[in-house]
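Visitor: Once you've had a glance at the structure underneath, I'll fire off some questions.
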Amino acid sequence: MSQTRFINPQALGKPPGYTHVVEITAPGRIVYIAGQLGVDRDGKVVGDIRAQAAQTFENLKTALAAVGADFGHVLKFNNYLVDRAHLPTFREVRDSYLPADNRPARTTIAISGLAR
């Protein structure tokens with residue numbers, strides 16, 4: 001029988017209207033992580049784009065750890081940037097967190113703004 005767990009790691013702060021991590025078990029295990037931004041635990045945006053990208057991946061690391069996972073378990077990323085000029089910096093930071101020999105599928109989209 002399938003079970004669903006809704007997890008909001010304390011280190012990520014309280015999300016506005018969604019759950020940071022949802023884990024579904026049986027017949028297999030799938031974990032969804034939502035809404036990770038370059039914000040600290042208090043919801044404040046950190047520094048420049050490099051600092052924001054690093055904070056985003058630190059937040060993702062925390063969310064993954066909440067279900068006993070790490071970046072080696074990630075199969076797909078959806079990335080949203082409000083300025084395409086930030087793409088090279090974002091890629092550099094992102095790639096520093098991912099295993100070099102086994103990168104997940106990913107989609108990056110430039111958008112006009114974020115919900116937060």
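The values are calculated or read from the model by the stated rules, or taken from the named source; none is laboratory data. Fair warning: this is a prediction, and the values are worked out from it, not measured in the lab. Note: ideal-geometry Cβ built from the backbone for every residue, glycine included; neighbour counts use all protein chains shown. In case anyone asks, the SASA skips ligands and DNA or RNA and just uses the protein heavy atoms, side chains included. Shrake-Rupley method; radii C 1.70, N 1.55, O 1.52, S 1.80 Å.
Visitor: May I ask you to list the GluC sites (Glu not before Pro) in region 1-93 that are in a DSSP loop and have at most 15 other Cβ atoms within 10 Å of their Cβ?
Guide: Values: sites: Glu23, Glu58, Glu92; in loops: none.
Loop-located and lightly packed - none at all.
Visitor: Extending each Cα 7 Å along its Cβ direction at His73 and Asp95, get the distance between those two points in nm, one decimal.
Guide: Each label point is offset 7 Å from its Cα along the Cβ direction, giving 2.6 nm.
Visitor: Taking a ≥ b ≥ c as the square roots of the eigenvalues of the Cα gyration tensor of region 40-116, is the shape rounded (a/c under 1.5), prolate (a/b larger than b/c) or oblate?
Guide: oblate
Visitor: Probe of 1.4 angstrom, ligands and nucleic acids ignored: what's the accessible area per residue over region 42-104, in square angstrom? If you can, show how the numbers build up before the last one.
Guide: Numbers: 3720 Å² over 63 residues.
Ligands and nucleic acids excluded, the figure is 59 Å² per residue.
Visitor: With labels modelled as points extended 7 Å from the Cα through the Cβ direction, what inter-label distance (nm, one decimal) is found for Leu114 paired with Arg50?
Guide: Roughly 1.9 nm, to one decimal.
Visitor: Let me ask something else. Classify region 38-82 as rounded, prolate or oblate, taking a ≥ b ≥ c as the square roots of the eigenvalues of its Cα gyration tensor: rounded when a/c is under 1.5, otherwise prolate if a/b is larger than b/c and oblate if not. Could the numbers behind the result be given before it?
Guide: Numbers: a/c = 2.61, a/b = 1.51, b/c = 1.74.
It is oblate, given that a/c is not under 1.5 and a/b is not larger than b/c.
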